[in-house]
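Here is the structure we will look at, set down as structure tokens.
The values are calculated or read from the model by the stated rules, or taken from the named source; none is laboratory data. What you see is a predicted model, and the numbers here were worked out from it, not measured in a lab. Here the Cβ positions follow ideal geometry from the backbone for every residue, glycine too, while neighbour counts run over all protein chains shown. The accessibility values were calculated without ligands, DNA or RNA, using every heavy atom of the protein model including side chains. Shrake-Rupley method; radii C 1.70, N 1.55, O 1.52, S 1.80 Å.
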Amino acid sequence: MKIDSVTLENVKSYEERTTIDLRGGVNAILGENGSGKSTIQEAIGFALFDSLPFNNNEFVREGESSGTVEVVIELREDDGVQKYRITRSAGRSNYGVARYDPIEDEWIDQDIDKKDQLVNWLCARFDLEDKDELTKIWESCIGVPQTRFLSDFAQTPRNRKNTFDELLGVDDYEESFNGALKQVPEEIADEQDDLREEIQQLTGEVQSLPEQRTKQTNLESGIEELNARIQKKQEEKDEVESTFDELDALKDQLDELDDEVASVEQEIESQESALETAQEELARAQAAAEKCEEAAEGHEAYEAARERREQLTERKERLNELRQEKQEKQATVQQLENEIESLKEDVETLQQARENLEQYREDKERYEVLGERINELEQKKQKVDRLQNEIGDLEEEAHGVLHDLRDRKQLIAEIEAEAAATEDIDDLTDKVNEREVKRQSLAAEKEDIEEHLGLLRDTDADEDAVCPTCGEPLDPDDREERIAEQEARLEEIEQERKRLAEEIEELEERLEEAKAVQDRVAQLGVHREAVADLEETLANLSTEKVKKREKIESLEEEVDELPSLREERESLEDAEKAFHRAETRIEDNENAPEELERVESQLKPRGKKLKSWKSRLRSSTMSKLNWMWLRKRSTNTNRTTSSTSRTNSKPLNSTIESRLSESMRTS
């Protein structure tokens, strides 16, 4: 994180809006006492770390109701460096975070307007778990006041260890070592053993390198000889393949000649067979010619009948064509008539659908209106459910705020009780100093006594010794008594110093406890501000919950008519479906009247053509009857011919008559 600037307005000594730009490296802020140097540090702790060593109202400039702090920071995130502006006011609840967009050159609000949201956002950006950790890292590491800069180092060893172990994350190092790094030396040793074995193996392979090189040289010379032999065999192979191709071409020519010989032999056999067949047909033709000469008269009658039969066949085919065409025209007419009947039914369906459309139109419109109203009410019902859920969330949030409020008040009461029960720091300090002075005095007295004892002991061998203190002659017995008195006094001094040391240690511990309580008392302003914020948040939650309940009551009055509207809409479903069916039928049969007129106009000329075909068919039938009358008359005339001719022509005439009779029956 990098702090770019700090802006203050109506904060302590800063009346007008003042911006302090901070550059990279070390920034020195100079000024007289009371000019606002420490206020800049306090503003950063207040805005970014929710830390203020006194009450919020004391942070506001005298005579103003509130003051504002803005801190611009740069954070390195996954998508690069982002610049944020954090805003917080003292004396009123005003919080905000905005992100700078360099492309649009504008600040984009991040929708943070509550203290909890701001604290959670800061903890997430600084990779911290909660507010307490956020405040602690500022007070113990980043923004330590100058009066307390060395206080953590002056603690007792046990308290100092607890403080700095947590700041330095010693537990994390121990956990990392025990969990992941403890086995690293063993793994490294195993890897070193593997590498040593691999080195030994490679050393053995390298030692056999000259032998392998000699073997390689021999193999290379053998490869050259094999290449020469392969080249020679390849040349021989090419010659053999060329010879094989020539022989293969000759084989193909022989196969073609064999095929030609077989084909000629088959043709000879075919010609011989055809010759035999021609000779047999020639014999049969000669016999037939003789028979034709014998039956010449019958043949002439046969030819005449055959010509007449061909004429009748042509007429019959024409008659069949006319009948076929008549059937096709009749089928077309029938199809048109069926189509007309179908179109008439469609026209009736269209008329009925139009009547149904008008009949159900009003119900259908009512059905649609009800649907829109039901959808509107269902949306309102969903809104009611959503509001109820939001009320539940508000109640849950209010419960949490109330719990925090109780904890804060209890903490304030505990701190105040501790403050009332704690000894005065100055008294304890005076007691410590008093005992320390006495202890130093005893130390000086001890040094004097030890020096005096040394002089007394030095006079042990001198009979004319004098007292080192007063200079009078010293009696040996008196000297021994003085030495005993001084030694007894030294023992008393040592015991007194030991007692004083124990009292000093006890007083220092009580002094440390009193200072710890004093530090907690210094946080009372922060806790009281938190209580005020929590009470304000609780009041806001209550107000918001009342508003949502009022909104629910107003919506429920409308939602109550939803069941009756659904029931009415269900009663109109059949009418709505009938309306849409009528619409579909109208759409399907909309062109039926025009199509009916078109088909009827096509049917009229086809009816006329059908009558024309019927008259042509009738005339063709009359012609056939007239020909039959002429044939009967011709048959009676032919009965007068000679018996030989009658005998020869009778079978032929019978055949013609039977075929004509069959043709008439077919007609």
Q.
Out of LYS381, LYS431, LYS409, LYS438, I need the residue that is open to solvent by 70 Å² or more (accessible area, probe 1.4 Å), over 30 Å from ARG510 (Cβ atoms) and assigned to a helix (DSSP H, G or I). Which one?
A. LYS381
Q: Can you tell me which residue among GLU561, GLU567 is without any contact (Cβ under 8 Å) to a residue 40 or more places away in the chain, of a type outside the set (Lys, Arg) and closer than 17 Å to LEU370 by Cα?
A: GLU567
**Q.** Residue satisfying condition, being of a type in the set (Asp, Glu), more than 40 Å from the chain's Cα centre (by Cα) and under 27 Å from LEU350 (Cα atoms), within set GLU583, GLU561, GLU529, GLU570
**A.** GLU583
Q. When only residues in segment 4-53 that are open to solvent by less than 30 Å² (accessible area, probe 1.4 Å) and of a type in the set (Asp, Glu) count, which is farthest from GLY67 (Cα to Cα)?
A. ASP4
Q | Matching residues in segment 2-26 - criterion: being touching a Ser or Thr at 6+ places or on another chain (Cβ under 6 Å) and among the charged types (D, E, K, R) | A | GLU9, LYS12, ASP21
Q: Report, by residue number, each residue of segment 60-99 that is in contact with a helix residue (DSSP H, G or I) (Cβ under 7 Å, 6 or more places away or on another chain) and closer than 17 Å to SER38 by Cα.
A: GLY67, VAL69, VAL71, ALA90
**Q.** Any hit, segment 56-63, residues being among the charged types (D, E, K, R) and not in a loop (DSSP other than H, G, I, E, B)
**A.** yes
Q.
Checking the structure you have, find out if any residue of segment 91-113 is surrounded by 16 or more Cβ atoms within 10 Å (Cβ to Cβ), within 23 Å of LEU524 (Cβ to Cβ) and among the β-branched types (Val, Ile, Thr).
A. no
Q) Which members of segment 456-477 meet the condition of being modelled with pLDDT of 60 or more and surrounded by 13 or more Cβ atoms within 10 Å (Cβ to Cβ)? A) LEU456, THR459
Q | Conditions (1) surrounded by 14 or more Cβ atoms within 10 Å (Cβ to Cβ); (2) free of Cβ contacts under 8 Å to residues at least 24 places away in the same chain: number failed by GLY392 | A | (1)
**Q.** Hits in segment 118-136 - residues which are open to solvent by 70 Å² or more (accessible area, probe 1.4 Å) and either under 12 Å from TYR84 (Cβ atoms) or touching a strand residue (DSSP E or B) at 6+ places or on another chain (Cβ under 8 Å) (or both)
**A.** ARG125
Q. So which of ARG99, ARG85 ends up being in contact with a Gly (Cβ under 9 Å, 6 or more places away or on another chain) and at pLDDT 90 or above?
A. ARG85
Q) Does any residue in segment 516-537 that is crowded, with 17+ Cβ neighbours inside 10 Å come within less than 6 Å, Cβ to Cβ, of a residue that is not in a helix (DSSP H, G or I) six or more places away or on a different chain, and which pairs are these? A) VAL517/THR422; GLY525/PHE54; GLY525/ASN55; VAL526/LEU52
Q. Of all residues in segment 150-200 being among the aliphatic types (A, V, I, L, M) and closer than 23 Å to LEU511 by Cα, which is modelled with the highest pLDDT?
A. ALA154
Q) Applying the selection to segment 54-84, what residues are of a type in the set (Gly, Ala, Ser) and surrounded by 13 or more Cβ atoms within 10 Å (Cβ to Cβ)? A) SER66, GLY67
Q | Answer from GLN359, GLN311, GLN352, GLN335 - the residue that is surrounded by fewer than 17 Cβ atoms within 10 Å (Cβ to Cβ), polar (S, T, N, Q), modelled with pLDDT of 70 or more and closer than 18 Å to ASN589 by Cα | A | GLN352
